[in-house]
Structure formats: structure tokens, C-alpha cells
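Enquirer: A single structure is presented below for examination.
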Amino acid sequence: MEKHIENIQKYLHNGHAEDMENRIERLRKHIDDILLNMKDTEERRCGYLHLYGVSQACAMIALKRNQDVELATMTGMLHDLHSYKAMNTENHAEHGAVLARQILKELALTTDYETDLICSAIRNHSSKATTHSAFDEVLKDADVLQHCLYNTLFPVMEHEKCRFQNLLTEFGILRTV
Ligand SMILES: [Fe+2]
């Protein structure tokens, strides 16, 4: 098992010094360290799939909407980290925003403005029925997209149908959910 984790670590952190100048990679290393320390392997698997799946969806949606792709990617990586780390989803958006702020401060990765932008998106991301700022909406939609694309043979959840349909339309996919 230890060897397996070491191999994952090697694969995920290629160790190139220049990557450490890259804020996404610096944050990824920190998040990987938290996930790799999770005892529950199934939860760990879910954490990797969801956090990095959402971060990639954030990047795609941010590119489409001309939002900040780097910050959107980082927001996706952080957004549910608290839930996996604490193994507790109660009030997870609020707790997630607090943890994200702590990490960004500790790693000195972002300006105050950028930290507020990221934390606001995380704090608001559970309110899927409400519309917030354009940047906040990237995370909400990315969250839905990851859920819906995880396995397209699963039915789309009722409360995500509207956002998923809007995303398909936005990306030029002529299909009805
Ligand atoms: Fe999520």
C-alpha cells in the first residue's frame, strides 16, 4: 500500500522545480498531501475524482465565459476539501470557505482580492437555485457538470437537471436531459 501511494505521489508530483512557480501545482501538492493522508481509501478516491474533476470543469467553463481560469481551477480543487478532510459534509460550503482561506494564507498563494473571490465562490456553491457572481457561477456549474459526467449512464439528479441542460446548450450540445 505504501509503495502504491509513493507511486501515485511520483506520478502526481513530477518534481520539476519550475512547477513550484505555478500556483495550481503548488496548491495541488498541498491538496494531494491532505488526500494521501486520508485513511479511508474509498473516500480518498472520491476526493480525487471530485476535486480534480470539478477543477477541470471549472477551467473549461471559465475559458468559455472569459473568467479567470487559474483562479477557477484553484477554486474547484479547494471547494469540497473540507468535507473529505473532516469526513463531514455538514455546513460544508461555509467550512470549505474557511479551510480554503487558511490554505491560501498559509501558502501565500493569492492576493486578498483573489482569496475573497475564491472563498466567496466556495461559500455560495451550495446555493444552486440562486444566481451569484459570474465567477461564483463557474464553480456551481462545474460541480453539477462533474456529477453529471461521472457516469452518463446514471440518471441526472432532478435538482441538477436545469443547470446541466443550460450547460449543454451553452456548449452547443443539442440534447435534452
Ligand atoms: Fe462539490
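Enquirer: Is it the case that segment 150-161 has a residue that's closer than 24 Å to Leu117 by Cα and in contact (Cβ under 8 Å) with a residue 60 or more places away in the chain?
Expert: no
Enquirer: Let me ask another. If you scan segment 68-94, which residues turn out to be within 15 Å of Thr115 (Cα to Cα) and more than 14 Å from the chain's Cα centre (by Cα)?
Expert: Once the filter is applied, which keeps residues that are within 15 Å of Thr115 (Cα to Cα) and more than 14 Å from the chain's Cα centre (by Cα), segment 68-94 yields Asp68, Glu94.
Enquirer: Mind checking which residues of segment 81-94 are within 13 Å of the ligand (Cβ to nearest atom) and either touching a strand residue (DSSP E or B) at 6+ places or on another chain (Cβ under 9 Å) or farther than 12 Å from Glu43 by Cα (or both)? Step through it out loud before you land on a result.
Expert: The initial filter retains those residues of segment 81-94 that are within 13 Å of the ligand (Cβ to nearest atom), namely 81-84, 89, 92-93.
Of everything in segment 81-94, those that are within 13 Å of the ligand (Cβ to nearest atom) and either touching a strand residue (DSSP E or B) at 6+ places or on another chain (Cβ under 9 Å) or farther than 12 Å from Glu43 by Cα (or both) turn out to be His82, Thr89, His92, Ala93.
Enquirer: Only one of Thr130, Thr110 is modelled with pLDDT under 95 and in a loop (DSSP other than H, G, I, E, B); which?
Expert: Of the residues listed, the single one that is modelled with pLDDT under 95 and in a loop (DSSP other than H, G, I, E, B) is Thr130.
Enquirer: In this structure, is Leu167 touching a residue at least 60 places away in the same chain (Cβ under 8 Å), more than 24 Å from Ile31 (Cα to Cα) and not in a loop (DSSP other than H, G, I, E, B)? Explain how you work it out, then say what you get.
Expert: Values: touching a residue at least 60 places away in the same chain (Cβ under 8 Å): yes; more than 24 Å from Ile31 (Cα to Cα): yes; not in a loop (DSSP other than H, G, I, E, B): yes.
Answer is yes for this residue.
Enquirer: When segment 76-104 is examined, which residues are found to be under 20 Å from Glu137 (Cβ atoms) and crowded, with 18+ Cβ neighbours inside 10 Å?
Expert: Restricting attention to segment 76-104, the residues satisfying the condition of being under 20 Å from Glu137 (Cβ atoms) are 76-80, 92-94, 96-97, 100.
Residues satisfying the conditions are Gly76, Met77, Leu78, His79, Asp80, His92, Ala93, Gly96, Ala97, Ala100.
Enquirer: Moving on. I'm trying to understand the selection: among the residues of segment 129-177, which are over 20 Å from Gly76 (Cα atoms) and hydrophobic (A, V, I, L, M, F, W, C)?
Expert: Scanning segment 129-177 gives Leu153, Phe154, Val156, Met157, Cys162, Ile173, Leu174, Val177.
Enquirer: Determine whether Asp68 is touching a residue at least 24 places away in the same chain (Cβ under 8 Å), of a type in the set (Asp, Glu) and within 11 Å of the ligand (Cβ to nearest atom).
Expert: Values: touching a residue at least 24 places away in the same chain (Cβ under 8 Å): yes; of a type in the set (Asp, Glu): yes; within 11 Å of the ligand (Cβ to nearest atom): no.
No.
The values are calculated or read from the model by the stated rules, or taken from the named source; none is laboratory data. Computed from a prediction, not measured in an experiment: that's the story for all the values here. Here Cβ is always computed from backbone atoms with ideal geometry, including for glycine, and neighbour counts include all displayed protein chains.
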